[in-house]
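Beneath this line is the structure, given in structure tokens, with notes to follow.
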Amino acid sequence: MSDRPVEVLRVPAFALFWSSSTLGAFTGAVTALAFQVLIVKTLNASPLEIGLLNAANVVPYLLFGLIVGALMDRWRRKPAMVLASVGRALTLALVPVLWFTGTLTVWSFGALLLLFGALTLIADSAAQPLLPHLVPRSQLVAANARLGQAGTVAQTTGPAFGGALVGWLGAPFAILIDAVAYVVSAILLSRIRVEEVRAQRRTDGRHLGHDIVEGLRWTYSHRTLAPMAASVNVWFLGNAIALTAFAPYALRELSLSPLLFGVVLALGGVGGLTGALLAPSAGRRFGVGGAVLAGRSLSAIAWIAVLLLPHTEDSARFVLTISLGLGQFLFGLGMGLEDPNEMGYRQAVAPDHLQARVNASIRTVNRIMFLIGAVIAGGLATAFGYRVTIGVSVVVFVVAALIVLFSPLRLARHEDVVQSE
């Protein structure tokens, strides 16, 4: 008999979950592009208004991420995801209604963005802790890899499809198509058959704040999850610095055309898909720690490549595109390798009653670090230029890798967690 595990997509509950997540990723990519066109073209927002509207999606994570995470350890996750999908469909459907009635303004759209961001927070907070109920813990890495592969394809192809859809229908009605997609997603989720254990009632004198503190303390004191969380937090800081500087560096200093810049980013998507395909085998061969360390190291190497490979202002457009694209391919490859292994290990280690809080703790700190990194990048770029700013991000990525290298996480293996249960 073969020792190869059953293909995770053959698990009916996960197949529905994967279908819903894939549709959501594709819809999200289309929605993000339609939102930008709506903000810039339809609403004619000022630069300040554009900045405020772009921040609206992050605000719910910063203000309510820990609270929703604590609540999600007490709520049933599947109904929360279904209701969040229905809520997002209704929210998006309001956009063409407001546009048609002449009441769609920067401020009314900003309010819808806040609501949409809050509903997405609920969906994200429920999805990660629900997954261990749908597949055996031994297959969590494979399941996260399948989700990552589909998500990468959606993010790579979604903007192109979204651009065509917006050009054909206009941004408000393209968003209406996305609303229908969220209804379909809710139907798929509602068909999942899963048993969720009802959370125990809080003891007298214990409130939501105690639950939040318990999640943070458990996450950042765990022998292997603490360095994993610290490493990814630092990685988000470096990612914010690099991404904030990369677009103006490529488009302004190197005079890359928008089309070629899109090709460069698409190569990053190819790298992400390749990494996600290799992630399960990398985790089995090198362990979770080895796969995460490889991913963190590739992040640093990728941005070193962006800085060192030949792409001066006088370089041929082809050379520029290939040089920058190679860096983005390596960056995507690293993310594709590490993310399924990291998520699968995190879901396997955390007990069910702490799943949502562990994810919310790490995710909220990630958002904070990203905002800090974006501010730092703006100051560095203004004072020293884009190349220096990207160089600083390399140092931060190296620190993220060193945290893994010099911690117990380096030797962690997913199989050890599963066998210890």
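Return only the number of the condition from (1) within 27 Å of residue 14 (Cα to Cα); (2) free of Cβ contacts under 8 Å to residues at least 60 places away in the same chain that residue 169 does not satisfy. With (1) within 27 Å of residue 14 (Cα to Cα); (2) free of Cβ contacts under 8 Å to residues at least 60 places away in the same chain applied to residue 169, the lone miss is (1).
Against the condition touching a residue at least 12 places away in the same chain (Cβ under 8 Å) and surrounded by fewer than 17 Cβ atoms within 10 Å (Cβ to Cβ), how does residue 23 come out, does it pass?
no
Among residues of the stretch 220-232 that are in the same structural domain as residue 298 (by TED's automatic domain parsing), those with a Cβ under 8 angstrom from a residue that is of a type in the set (Phe, Trp, Tyr) and assigned to a loop (DSSP other than H, G, I, E, B), sequence gap 6+ or separate chain, pair up as 226/220; 229/220; 230/220.
Within the stretch 98-111, no residue satisfies the criterion of being crowded, with 19+ Cβ neighbours inside 10 Å and free of Cβ contacts under 8 Å to residues at least 40 places away in the same chain.
For the stretch 34-44, indicate whether the set of residues that are more than 14 Å from residue 178 (Cβ to Cβ), charged (D, E, K, R) and touching a residue at least 24 places away in the same chain (Cβ under 8 Å) is non-empty. Outline the logic, then answer.
First pass over the stretch 34-44, keeping only residues more than 14 Å from residue 178 (Cβ to Cβ): 39-44.
Then keep just the ones that are charged (D, E, K, R); that gives 41.
Then keep just the ones that are touching a residue at least 24 places away in the same chain (Cβ under 8 Å); that gives 41.
Scanning the stretch 34-44, I find at least one residue that is more than 14 Å from residue 178 (Cβ to Cβ), charged (D, E, K, R) and touching a residue at least 24 places away in the same chain (Cβ under 8 Å), so the answer is yes.
Given the criteria outside the structural domain of residue 142 (by TED's automatic domain parsing), surrounded by fewer than 20 Cβ atoms within 10 Å (Cβ to Cβ) and either touching an Asp or Glu at 6+ places or on another chain (Cβ under 6 Å) or modelled with pLDDT under 90 (or both), does residue 351 qualify? So residue 351 passes the test. Among the residues of this structure, residue 92 does not count as one that is touching a residue at least 24 places away in the same chain (Cβ under 8 Å), assigned by TED's automatic domain parsing to the domain that holds residue 16, within 20 Å of residue 361 (Cβ to Cβ) and in contact with a helix residue (DSSP H, G or I) (Cβ under 7 Å, 6 or more places away or on another chain).
Let's see how each residue does on (1) in the same structural domain as residue 154 (by TED's automatic domain parsing); (2) in contact with a Pro (Cβ under 8 Å, 6 or more places away or on another chain); (3) under 23 Å from residue 159 (Cβ atoms):
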| residue | (1), (2), (3) |
| --- | --- |
| 257 | no, no, yes |
| 266 | no, no, yes |
| 276 | no, yes, yes |
| 281 | no, no, no |
| 296 | no, no, no |
| 304 | no, no, no |
| 307 | no, no, no |
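Taking the stretch 216-233 as the search range and keeping residues that are assigned to a helix (DSSP H, G or I) and of a type in the set (Gly, Ala, Ser), which one is surrounded by the most Cβ atoms within 10 Å (Cβ to Cβ)? Spell out the reasoning first.
Just the residues of the stretch 216-233 that are assigned to a helix (DSSP H, G or I), to begin with: 216-219, 225-233.
Next cut, of a type in the set (Gly, Ala, Ser) only: 226, 229-231.
Numbers: 226: 17, 229: 23, 230: 20, 231: 25.
That would be 231.
Answer yes or no: is there a residue in the stretch 385-393 that is surrounded by fewer than 19 Cβ atoms within 10 Å (Cβ to Cβ) and either within 21 Å of the chain's Cα centre (by Cα) or modelled with pLDDT under 90 (or both). Checked against the condition, which is being surrounded by fewer than 19 Cβ atoms within 10 Å (Cβ to Cβ) and either within 21 Å of the chain's Cα centre (by Cα) or modelled with pLDDT under 90 (or both), the stretch 385-393 yields at least one hit. Scanning the stretch 106-118 for any residue that is aromatic (Phe, Trp, Tyr), out of contact with any Ser or Thr (no Cβ under 7 Å at 6 or more places or on another chain) and part of a helix (DSSP H, G or I) turns up at least one such residue.
Taking the criterion of being crowded, with 19+ Cβ neighbours inside 10 Å, within 17 Å of the chain's Cα centre (by Cα) and not β-branched (Val, Ile, Thr), the residues of the stretch 236-264 that qualify are 236, 237, 238, 239, 240, 242.
Within the option set 183, 166, 213, being assigned to a helix (DSSP H, G or I), modelled with pLDDT of 85 or more, closer than 30 Å to residue 43 by Cβ and β-branched (Val, Ile, Thr) holds for one residue only, 183. Applying the condition of being surrounded by fewer than 20 Cβ atoms within 10 Å (Cβ to Cβ) and charged (D, E, K, R) to the stretch 39-81 and asking which residue is nearest to residue 114 (Cα to Cα) yields 49. Checked against the criterion of being small (Gly, Ala, Ser) and modelled with pLDDT under 90, the candidates 87, 65 yield just one match: 65.
The values are calculated or read from the model by the stated rules, or taken from the named source; none is laboratory data. Since we're looking at a predicted model, the values are computed, not measured. Please note: Cβ atoms are built from the backbone with ideal geometry, for glycine as well, and neighbour counts cover all protein chains shown.
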